[in-house]
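Read the structure below first, then the notes.
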Amino acid sequence: MKHITEIKSGCLPLISVKNLRDKSCPHYLQTAHAIGEAARSVGFFRICDHGIDRALVEATYEVGARFFTLPEAAKQRYYIGNHTTRQ
């Protein structure tokens, strides 16, 4: 089984994270390395087999989409660089 899709120009890698649930799984390190490679080479990646309820994923996308329709001033209130608790 492939743990990462082939990295193609303009495509985000899709990585199955089911093997990260058990460090004794023979593919644990392979999956971790795939995540690192995708992060270094592309900067972003998608995951699957994470066990998160699809309704929650969809609701999160919906909230994110609504956030990005807000005026810039409203979005800046959430900018981490403006918070004194930032570490």
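Okay, here's what the table says:
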item	result
Size of electric dipole in the chain: Cβ of Lys, Arg +1 and of Asp, Glu -1, about Cα centre, debye, nearest 20	160 debye
Under-5 Å amide H pairs with Leu14, H placed in peptide plane, nonlocal only	Thr5, Arg46
Shape of segment 30-87, Cα gyration tensor, a/c cut at 1.5	oblate
Per DSSP, loop trypsin sites (Lys or Arg not before Pro) in segment 41-87 with at most 15 further Cβ within 10 Å	Arg77, Arg86
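Only the coordinates and a few stated rules stand behind these numbers; no lab work does. A quick note: this is a predicted structure, and the numbers were derived from the prediction, not measured. For neighbour counting, all protein chains shown are included, and Cβ atoms are generated from backbone atoms with ideal geometry for every residue, glycine included.
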